[in-house]
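Working notes, beginning with the structure itself.
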Amino acid sequence: MKPHVSVLEKERIFDFSQHDFKAVQRLIYEHAGIRLSDAKHDMVYSRIIRRLRATGLSSFSQYLTLIESDAGEWESFVNSLTTNLTAFFREEYHFPILAELLRRKAGRPIRIWCSAASTGEEPYSLAMTALDVLGGQADKVEIIATDIDTSVLARAEAGVYAAERIEKIEPRYQRYFLRGTGSRSGFVRVKPEVQQLVSFRQLNLLSPDWPLEGEFDALFCRNVLIYFDKDTQRRVLERFVPYMTPDALLFVGHSESLLHLGDLFRLRGKTVYELRGHGR
Ligand SMILES: C[S@@+](CC[C@H](N)C(=O)[O-])C[C@H]1O[C@@H](n2cnc3c(N)ncnc32)[C@H](O)[C@@H]1O
């Protein structure tokens, strides 16, 4: 019987040794905290092969040498290994909780940090919620949206999306988009009043320096902790504490539990946490 050969293997034209794969696993783990399991071998191959083609190199080992000295290519390497899946109003049950927080703090400055913002759907959903709840007072809301990946941040800043991405969102939020016509038909653009509330900047949650100051009333860290191991999660989440106002809320993703961090955070709602010291 013939051994099973996947399509990917048949197409493989560059040698990607186990040694190369281990080097990629180590580099991205040390830099970004992202744990790539052995099952991600083919995914890593297909993503990095594009960088080999773009740089004109003929082997993975040459590429791994290049990224040691070329900062621009290092950035592309990191960008190529992130997973950026997101959606407008993803995990909708969080939004009424945010709306309630906004109502409670209406009239005062409100700061929100969206720490794995990907292509922008999440911070813009937060901004639309603020406009919906606060109307004219939403100008007191500041949303700082960060991500490690510079290519998704550029797309987020542009604020242009395929129209189908907003098809399923509530009609009251659809009014915050401009619909493209002519050559732009099939695309929508986030309105300036929404964009005004959000500023984007690059931030690696693992980096020792975070370009951020002050405290936040709400912190979104959704669907990124799953890529980190428990030690890394603790290291990152401990550093959130001084960035949170005493009554701040921390929102994490549906499969991310902070129960192993019970000394720091207390469950407030479905995957929503508050500081353990709050209300003592
Ligand atoms: C799956 S997306 C989640 C996007 C959004 N938070 C959501 O829930 O829809 C994960 C994002 O985390 C970012 N990311 C991964 N590692 C990171 C790190 N070390 N620091 C900051 N962002 C990181 C990725 O670039 C990606 O955009």
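Throughout, read-outs are computed from the coordinates displayed, never taken from laboratory work. Note that the structure is predicted; figures quoted are calculated from it, not measured. With ideal geometry, Cβ positions are generated from the backbone for all residues, glycine too; neighbour counts draw on all protein chains shown.
Within the range 74-90, no residue satisfies the criterion of being closer than 16 Å to residue 227 by Cβ, surrounded by fewer than 16 Cβ atoms within 10 Å (Cβ to Cβ) and more than 9 Å from the ligand (Cβ to nearest atom). Quick check on residue 198: is it more than 16 Å from the chain's Cα centre (by Cα), buried (at least 21 other Cβ atoms within 10 Å of the Cβ) and touching a residue at least 24 places away in the same chain (Cβ under 8 Å)? Taking the combined requirement at face value, the residue does not satisfy it. Do you know which of the residues in the range 110-153 that are among the acidic types (Asp, Glu) and part of a helix (DSSP H, G or I) is nearest to the ligand (Cβ to nearest atom)? Ranking the candidates gives 122 first.
Looking only at residues of the range 167-195 that are touching a residue at least 24 places away in the same chain (Cβ under 8 Å) and in a loop (DSSP other than H, G, I, E, B), we find that the one that is nearest to residue 91 (Cα to Cα) is 169. Annotation: of all residues in the range 220-234 being outside any strand (DSSP E or B) and within 7 Å of the ligand (Cβ to nearest atom), the one that is nearest to residue 129 (Cα to Cα) is 222.
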